[in-house]
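To keep things clear, I will list the structure first and then write my remarks on it.
The values are calculated or read from the model by the stated rules, or taken from the named source; none is laboratory data. Keep in mind the model is a prediction, meaning the values are calculated, not measured. We place every Cβ from the backbone using ideal geometry, glycine too, and count neighbours over all the protein chains shown. We work out accessible area using only protein heavy atoms, side chains counted, and drop any ligands, DNA or RNA first. Shrake-Rupley method; radii C 1.70, N 1.55, O 1.52, S 1.80 Å.
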Amino acid sequence: QKLYEASLRELLRPYQEAQAARLPAEEELRAALARVLPPEEIPLHLAALGENYLGAHTSEEIALHAGLLREVAGSGAASVHVRARSTHWELTVAARDTQGLLLRIAGALVRLGLSILTAKIYTLGGGKVVDRFWVALPSDDALTAESVRERLVRELAAGAPLARAELRQLRERHRLRQRTLVDTGTAPKVLISNEMSDAFTVVDVTCGDRIGTLFQVALVLSEMGLDVHGAVLTTEADKATESIYV
C-alpha cells in the first residue's frame with residue numbers, strides 16, 4: 001500500500017517539479033566540487049553537466065567524476081576508478097570524447113573477463129565523457145580493484161582494438177570458466193527511432209546476455225561511422241537491453 005501511494009504521488013507530480021527534486025542541492029554540489037577543483041573551474045564544470053547526468057548522481061559522485069576528469073586534463077589519458085562491492089564492482093571511466101571510445105572501453109572489459117550488468121554512458125559539455133559500468137564479480141580471484149584499474153588504464157592507453165576472432169576466443173574461455181551456456185536462445189531485435197529524441201537517433205537492442213555484447217554493438221556503430229552520445233545497458237536473467245543515442 002505504501003509503495004502504491006508513493007508511486008501514485010510521484011506519477012501525479014509535474015515533470016519539472018519531479019526533475020528538480022532529483023537534482024543535487026547547488027550549495028552541497030559546489031562544496032563537494034571545491035574539494036577537487038580550483039574555485040575558478042567550478043562554474044565551467046557545472047555548465048558542462050546536463051540535467052540527465054545531474055539527476056542520476058549524488059554530489060559526492062559528481063565530485064569524484066570531476067576529479068577523474070581533471071586528471072585526464074593533466075595527463076591526456078583516460079582516468080579510471082574502481083569500487084569493489086560484495087555483490088558487484090563499479091567501474092567509472094573519465095576521458096575526452098574521441099571516436100570509438102566506447103568501443104575501446106567495452107573491448108578492454110572483455111579482455112579483463114568482466115561481464116557488464118548495467119552501463120550508463122554520459123557525454124558532457126566540453127568534450128568530456130563519463131562512462132559507468134556495474135560488472136559481475138570477477139571469476140579470476142587474483143584480480144583486485146587496483147589491478148583492474150591499472151590494466152584498464154593500460155588497455156585504453158594502448159588502444160589496441162579487439163577483433164571479432166579474439167572476441168569469440170574470449171567468450172569461449174569465459175563460458176568454460178563460468179560453466180554456462182553462451183547461446184541463451186534470445187533472438188536479437190533492433191528498433192530504431194528518430195521520434196524519441198529531438199537531437200539523436202535512438203537504437204534499442206535486445207539480445208541474449210553474454211560477455212562482449214556492448215562491444216559487438218559499439219563495433220557495428222563504429223563501422224557505420226556513428227558517434228555514441230549516450231547509452232544505457234541493463235541485463236535481466238539471460239537478456240540484455242541497450243538504448244543507445246547516436
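Heavy-atom accessible area with a 1.4 Å probe sorts Thr241, Thr58, largest first, into Thr58, Thr241. Residues Arg35, Arg70, sorted by accessible area with the largest first, give Arg35, Arg70 [1.4 Å probe; ligands and nucleic acids excluded].
Please work out how much length the chain gains when fully extended from Arg35 to Asp204, using 0.36 nm per residue of separation minus the C-alpha to C-alpha distance, in nm with one decimal. Could the numbers behind the result be given before it?
On the way: separation 169, 0.36 × 169 = 60.84 nm, distance 3.85 nm.
Contour length minus Cα-Cα distance gives 57.0 nm.
Quick check: from the Cα gyration tensor, does the stretch 85-235 come out rounded (a/c under 1.5), prolate or oblate? Judged from the Cα gyration tensor, the stretch 85-235 comes out oblate (a/c at least 1.5, b/c at or above a/b).
Using 0.36 nm per residue of separation minus the Cα-Cα distance, give me the extension gain between Glu150 and Glu51 in nm, one decimal.
On the way: separation 99, 0.36 × 99 = 35.64 nm, distance 3.13 nm.
Between Glu150 and Glu51, full extension yields an extra 32.5 nm.
Ligands, DNA and RNA left out, the 1.4 Å accessible surface of the stretch 15-136 is 53% carbon and sulfur atoms.
Per-residue SASA remark: Thr235, around 40 Å² accessible (1.4 Å probe; ligands, DNA and RNA not included). Between Glu26 and Glu172, the modelled label-to-label distance comes to 5.9 nm, taking each label 7 Å out from Cα in the direction of the beta carbon.
For Tyr4, Tyr245, Tyr53, Tyr122, give the ranking by accessible area with the largest first, probe 1.4 Å.
On the way: Tyr4 140, Tyr245 75, Tyr53 5, Tyr122 25 Å².
In descending accessible area the options line up as Tyr4, Tyr245, Tyr122, Tyr53.
For the chain, the solvent-accessible area with a 1.4 angstrom probe is 56 square angstrom per residue. The stretch between Glu223 and Leu11 holds 72.2 nm of extra length on full extension. This uses 0.36 nm per residue minus the Cα-Cα distance.
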